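The values are calculated or read from the model by the stated rules, or taken from the named source; none is laboratory data. Fair warning: this is a prediction, and the values are worked out from it, not measured in the lab. Neighbour counts are summed over all protein chains in view; Cβ atoms, including those assigned to glycine, are modelled from backbone coordinates with ideal geometry. Areas reflect the complete protein model, heavy atoms only, side chains present, ligands, DNA and RNA absent. Shrake-Rupley method; radii C 1.70, N 1.55, O 1.52, S 1.80 Å.
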Amino acid sequence: AYNIHVNGVLHCRVRYSQLLGLHEQLRKEYGANVVPAFPPKKIFTLTPAEVEQRREQLEKYIAQPRLGLPQPMRQDPMLGGSETFNSFLRKAQQVRVGPGPRLSGCTKGPGCHSCFFLQETQQIPTEEVVLEVLLSNGQKVKVTILTSDQTEDVLEAVASKLDLPDDLVGYFSLFLVRETKDGAFSFVRKLQEFELPYVSVTSLHNPEFRIILRKSYWDSAYDDDVMEHRVGLNLLYAQTVSDIEHGWIVVNKEQHRQLKSLQEKVSKKEFIRLAQTLKYYGYLKFDPCITDFPEKGCHVVVSAGNNELNFQVRLPNEQIKEGSFKVTRMRCWRVTSSVPMSNGPSGSSPGKSEVKLELAFEYLMSKDRLQWVTITSPQAIMLSICLQSMVDELMVKKSGGSIRKMFRRRVNGALRRSDSQQAVKSPPLLDSPDASREPMAKLSSKLTSVSLRGISHSSSANDVGANDFHGNYAFEGIGDEDL
């Protein structure tokens, strides 16, 4: 069996025969000239070297740019975004794999590699469950869904519970987050259409992981669309207050006084209008991590927003500097992962080594100079997703389109409405701003991942090939007037 990791997280485990069945179905639907070649069958039992070779071939097959992964619709929406492919991933996610029976006479304990391959599969039954989804202000929205409901179904159920109009649902997304001790959220990834949110969050077996509803666009001009409706306004207001409270939006004392006054008057639109003028409004802030810019080993806090990645870098001399890397100056980027060789005791569980994730992007520093900048972070996948969504939004805007869209209804009927709508509660008044935050000095003005792993006790670093790169269609050159 093979582990399929999507966006840095174990999504499902599948066998060669299952992938072969998917391949044959895609060939039947789209033709042999469209679907990539599939690793051939072998008559005899595979040697360990052949097993690893097949794993690498399958990984290249699944991550083929023409298959549109890790971001369906990027390269070939016909395949990567097809219902056939997404349905395969959803059904595979419904099968949980656990440890099987011990080999007779085995005394090596749970770390025995021979027994590790005796896996038992369990089909997760399709049944009604209650799923808890958080809003930015911590409010809990409980929706009744099926365990087999995909992301779109769950988003629809949450929107129905809140009475959010259908034409505004497309402005919001569901995110998998990890709740920190101070009540803030560390973003893991945006939930995709090929996964089942209930299974995704419960399979982690950790109450710190939650699902949260948050706006999914970057351009604050779209706020006007959302604020047209009472529920959209309340959701945006709650998110803005939360971002200010957690320090994601920078507020000085006078601005804080004005915001608190508007909050006391319940002037939500005016509150948001003022917040739009503040630094880092609409940004996602990531956990502290490591970068090689401007030099190796620097600690950095990265924020994504306004079509850029903002760096707040702590240099080796403890000086704090800040700079931004525009997405339109990134020629391409890639996410790489590696699993170090396990050097633990023989009793340690296989496959438990921590995966190291890196996001690297090639940036146009000046007219004729490109430079790679690397971020080492467990949130590298989420960073990549942010970059891609910024590019998508820029391209839609460039083509004269709009992200406003009616949420797709189910083929077999109308939207599922709950018996009672749930109102979005107003957050408490803002606390005083943190005066201890360090001021930032400016730097120079000129700055999604699918892998297939065999179920084994060790892996080596993944090689980076051409297929690992994300080309940027919004990339712009620098002219003399920019220098």
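Here the range 15-32 is the region considered, the condition is being hydrophobic (A, V, I, L, M, F, W, C) and surrounded by 14 or more Cβ atoms within 10 Å (Cβ to Cβ), and the residue that is nearest to residue 95 (Cα to Cα) is 19.
If only residues of the range 1-50 that are in a helix (DSSP H, G or I) and of a type in the set (Lys, Arg) are counted, the one that is farthest from residue 359 (Cα to Cα) is 28.
Regarding residue 293, is this residue aromatic (Phe, Trp, Tyr) and over 20 Å from residue 384 (Cα atoms)? It is false that residue 293 is aromatic (Phe, Trp, Tyr) and over 20 Å from residue 384 (Cα atoms). Selection of the range 33-55 for residues being open to solvent by 80 Å² or more (accessible area, probe 1.4 Å) and among the β-branched types (Val, Ile, Thr) yields 43, 45. For the range 287-315, a residue qualifies if it is open to solvent by less than 10 Å² (accessible area, probe 1.4 Å) and touching a helix residue (DSSP H, G or I) at 6+ places or on another chain (Cβ under 8 Å), and the qualifying residues are 302, 304, 309. With respect to the conditions (1) surrounded by 17 or more Cβ atoms within 10 Å (Cβ to Cβ); (2) modelled with pLDDT of 80 or more; (3) of a type in the set (A, V, I, L, M), residue 6 lacks only one, and its number is (2). For the range 24-60, a residue qualifies if it is more than 18 Å from residue 83 (Cα to Cα) and acidic (Asp, Glu), and the qualifying residues are 50, 52, 56, 59. Inside the range 120-145, residues that are touching a strand residue (DSSP E or B) at 6+ places or on another chain (Cβ under 8 Å) and surrounded by 17 or more Cβ atoms within 10 Å (Cβ to Cβ) make up a count of 8. Taken together, the residues in the range 380-392 that are open to solvent by 10 Å² or more (accessible area, probe 1.4 Å) and over 14 Å from residue 326 (Cα atoms) amount to 2.
Under the condition of being among the polar types (S, T, N, Q), within 19 Å of the chain's Cα centre (by Cα) and either closer than 12 Å to residue 213 by Cα or at pLDDT 95 or above (or both), the residues counted in the range 158-188 number 1. Residue count for the range 186-216 under the criterion of being over 19 Å from residue 129 (Cα atoms) and among the small types (Gly, Ala, Ser): the result is 2.
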